[in-house]
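First the structure, in the form of structure tokens, and then the observations on it.
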Amino acid sequence: MRAHRHGPQGSGGGEREGRATGRRGADRGRGRRGARAPESLTVRVTIAVPASIANLGPGFDILAIAVQLQNEVHAELSDGPLSIDPGSGFDGALRNPEHNRITRAYSRACGALNVATDGAHFSCVNRIPFARGLGSSAAAALGGVLAAVALHHAPWDEQMVLDCVEGVEGHRDNAAAALLGGLAICAPGAPAVQMHVPDELRAVVFLPDAELETDAARRVVAGEFSRADAIFNASRCALLIRALAMRDYATLGDAMDDRWHQPARARLIPQAAHLMAAAREAGAAGAALAGAGPSVVALTVRDPAETAAALERAAATVRIAGHAVTLKVRNYGARVDVHA
């Protein structure tokens, strides 16, 4: 697993890159499996999990990139029952551990690790917009799983972490990008892999004020596709990976074409095509839905401010309230800070 592990540094809100210093296996905690770590070793951890943009272009459930915006999950061992403070802006239902993705994922991971699920308290700092296509739910689930392995000093690997997240989320592309950083490539039956994304690339995202639940957006996507559409999307996935690897931005626009999820979701987000066209006209290399929507992402190496302005102008013409943000890609994954 490539979550970055640091020594005691406080909660921190920065987005700086760190070195991966954690080690696999039980020797990290110097304790036997299933035993709580002595309080002198680990009683509190902070998990910083980046936002991610999945279903990138033709890469439905396959391709996702991590970007420089993060949530923080603070977890500590306690003598009480499992509990959580979900942070500002969330209703009382998410204070129930059975209804919160962080604590649900934590419990699932504890089960996989054969450690107790009670005796932990969580609190959250939320910066990733909820239900906008930036992987907020995957960030929550990944934070819970990483808290379990960090607090309990238990053996882990990337496959176990992503399996636990998928058990809560139903898919793993967002979580793979948030865990590994860069461009995550998820192939069923094979380990997720990471590819470095060019640092000069910017993701300009238009965030509508209105939310769109991922479950609703997934239901409109057909379960089967024609042979022609399958060939089209497979070819575009290959082009997209090559374009990013070779910095071939002239190809990126065609590479982000899709015949699977975006045409289906256009029924829920009919104005998205107008915004994508405006971004390309402003010089963006390519544009697509961000995740399941409703946000639109434009990838650019030119003036991101002009792309952001073009997206906001286009949204105003079709009366969509919202705003654009410019995000750097993040080529490193989630960070684990241990507080002695």
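Laboratory data are not the source of any read-out in this text; all were calculated from the coordinates shown. Predicted, not measured: the structure shown is a model, and the values here were computed from it. A quick note on method: Cβ atoms are made from the backbone with ideal geometry, for glycine too, and the neighbour counts reach across all protein chains shown.
Suppose each label sits 7 Å from its Cα in the direction of the beta carbon; what would the Ser88-Arg247 distance come out to in nanometres?
A separation of 4.1 nm, rounded to one decimal place.
Could you pull out the GluC sites (Glu not before Pro) across segment 90-184 that fall in loop regions by DSSP (anything but H, G, I, E, B) with no more than 13 other Cβ atoms inside 10 Å? Write down the numbers at each step before the final one.
On the way: sites: Glu98, Glu158, Glu166, Glu169; in loops: Glu98.
Answer by residue number: Glu98.
In what order do Ile231, Ile62 fall by count of nearby beta-carbon atoms within 10 Å, going from fewest to most?
Ile231, Ile62
Just rank Arg236, Arg132, Arg104, Arg319, fewest to most, by other beta-carbon atoms within 10 angstrom.
The fewest-first ordering by Cβ neighbours comes to Arg319, Arg104, Arg236, Arg132.
Would you mind calculating the gained length between His274 and Phe130 on full extension (0.36 nm times residue separation, minus the Cα-Cα distance), in nm to one decimal?
Length gained between His274 and Phe130: 49.5 nm.
Suppose each label sits 7 Å from its Cα in the direction of the beta carbon; what would the Glu224-Ala305 distance come out to in nanometres?
5.3 nm
Fewest Cβ neighbours within 10 Å first, please rank Arg227, Arg247 accordingly.
Ordered from fewest to most neighbouring Cβ atoms within 10 Å, Arg227, Arg247 come out as Arg227, Arg247.
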